[in-house]
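The structure appears right after this line, and notes come after that.
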Amino acid sequence: MSLSHFFSSLAGLYATQAFFHSLVAGAVVEIAILSFRLGSPFVRQRLLLIAIVFPAFSFPLYQLADPARGSVYFRMGALFDSSRWIHMELPGPVPLGAVLVIIFLVTTIVFLAQELLPILRHTFASRKDGPSIEVREGGDPAVREALEALPVEKPESHILEDEDPVIFSSTGKKPSIYLSSGLLKVLRGEELQAALAHEIAHILRSRRPFLLPVFFLRIVMFFNPVVLVEFRRSVQEDEKICDEMAASFTKKPLDLAGALRKLYLGGEPLPGAGTKDGRKVADRIEEYSHRLNIESRISRLEKGPASGPGGEWPVFLLTLGAVIVINYFIV
């Protein structure tokens, strides 16, 4: 199939307009965040949802509302006509549409390699092999003491016999927190309590799952680089939401900041991460991005939240309205 046939097909029209609609949505959302100085991760995540969800439905909804939207007459009055851009030729001659296809392919590879395949690999490995690390029966007195002081429902806790400092939660029928014996050696009592409170926040938020349906839409938009970026930003905002919830449980945000610093910023850079190995470069970029996110979370905890959760619905509706109106004229 030639590029011309692809971009004139239903799949091509959907992919192209979803990409440009997500670009516009992302730009409008960013303008709203900066203009209204939105610091609350609750509000920021809600706005990021527009750039992730809206492009998945915009093309079919616009076509249902106005079947003539793809006509030559409508395109002549549109703000942006993607067909003109796609068929412009670069030196070669290579149409710019080929660049867009390459962007779609690269984004698809990144999605498969960094998001979908690791999830599938972990799921099947867990079912096949079961737990590979010894679990200490009876928990730990320090963990029980830290949980006892938290004003929330207490999940089960399990100690993994592992020297690496690790903590995570499972959110199935019986929510549990797993932490390593190495972590107990690294964190003070107050920092341990803060880390446990953060995992409890994840468990509480899992009862009203937000990111799971969004991730299904992320799968639908596997080719879209803008959705890839905005989904990762949404996940980062979710971590900040759990930070704020944990701080509200313990009333000690500095202890959570200290725990994050010890767990994620205490190690030295990975050796041999030079520029000759493409995979090492990619790992280095991922590590740097992760470090920046942790530093941002620590800074928020040390300075205090910029604003409380909730509210800001007029801003959300105004932003969504602007996205809907502008993208109607992007074809």
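Are any of the residues in region 247-266 modelled with pLDDT under 90, of a type outside the set (Asp, Glu) and loosely packed, with under 14 Cβ neighbours inside 10 Å?
yes
Can we say Ile119 is aliphatic (A, V, I, L, M) and modelled with pLDDT of 90 or more?
Details: aliphatic (A, V, I, L, M): yes; modelled with pLDDT of 90 or more: no.
No, not satisfied.
May I ask you to list the residues in region 67-78 that are part of a loop (DSSP other than H, G, I, E, B) and exposed (fewer than 12 other Cβ atoms within 10 Å of the Cβ)?
We begin by selecting, within region 67-78, every residue part of a loop (DSSP other than H, G, I, E, B); these are 71, 77-78.
Passing the criteria: Ser71, Gly77.
Within region 296-303, can one find any residue that is surrounded by fewer than 16 Cβ atoms within 10 Å (Cβ to Cβ), at pLDDT 75 or above and among the aliphatic types (A, V, I, L, M)?
The answer is no; no qualifying residue exists.
From the list Arg188, Arg205, exactly one residue is surrounded by fewer than 17 Cβ atoms within 10 Å (Cβ to Cβ), closer than 28 Å to Val53 by Cβ and basic (Lys, Arg). Which is it? Can you show your working first?
Numbers: Arg188 fails: closer than 28 Å to Val53 by Cβ.
Among Arg188, Arg205, only Arg205 is surrounded by fewer than 17 Cβ atoms within 10 Å (Cβ to Cβ), closer than 28 Å to Val53 by Cβ and basic (Lys, Arg).
Rundown of residues vs (1) surrounded by 21 or more Cβ atoms within 10 Å (Cβ to Cβ); (2) closer than 30 Å to Pro95 by Cα; (3) at pLDDT 95 or above, yes/no style:
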position	(1), (2), (3)
Leu3	no, yes, no
Ser9	no, yes, no
Ala18	yes, yes, yes
Val29	yes, no, yes
Ser40	no, no, no
Phe57	no, yes, yes
Tyr62	no, yes, yes
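Considering only region 203-240, how many residues are part of a helix (DSSP H, G or I), within 14 Å of the chain's Cα centre (by Cα) and touching a residue at least 12 places away in the same chain (Cβ under 8 Å)?
Initially, region 203-240 is screened for residues part of a helix (DSSP H, G or I), giving 203-206, 211-220, 225-240.
Subsequent filtering for residues that are within 14 Å of the chain's Cα centre (by Cα) retains 211-219, 225-240.
From the residues that got through so far, the ones that are touching a residue at least 12 places away in the same chain (Cβ under 8 Å) too are 211, 214-215, 217-219, 225-231, 233-240.
Selection size over region 203-240: 21.
Which pairs have Cβ atoms under 9 Å, sit 6 or more apart or on different chains, and link a residue in region 172-196 that is aliphatic (A, V, I, L, M) to one that is surrounded by fewer than 17 Cβ atoms within 10 Å (Cβ to Cβ) and part of a strand (DSSP E or B)?
Ile177/Glu156; Ile177/Phe168; Leu179/Phe168
Looking only at residues in region 2-46 that are out of contact with any helix residue (DSSP H, G or I) (no Cβ under 9 Å at 6 or more places or on another chain) and not in a helix (DSSP H, G or I), which one is farthest from Thr319 (Cα to Cα)?
Ser2
So which residues in region 252-263 are farther than 9 Å from Ile298 by Cβ and either part of a helix (DSSP H, G or I) or among the hydrophobic types (A, V, I, L, M, F, W, C) (or both), if there are any at all? Steps first, answer last, please.
Our first condition is that a residue be farther than 9 Å from Ile298 by Cβ; within region 252-263, this holds for 252-255, 259, 262-263.
Listed by number, the residues that qualify are Pro253, Leu254, Asp255, Ala259, Lys262, Leu263.
Show the residue pairs that are 6+ apart or on different chains and have beta-carbon atoms under 7 Å apart, the first residue being within region 24-43 and farther than 19 Å from Phe210 by Cβ, the second being among the polar types (S, T, N, Q) and crowded, with 20+ Cβ neighbours inside 10 Å.
Going by the 7 Å Cβ cut-off, the qualifying pairs are Val24/Asn327; Val28/Thr319; Ala32/Thr319.
The values are calculated or read from the model by the stated rules, or taken from the named source; none is laboratory data. Given the structure is predicted, the values throughout are model-derived calculations rather than measurements. Note that we place each Cβ from the backbone using ideal geometry, even for glycine, and neighbour counts take in every protein chain shown.
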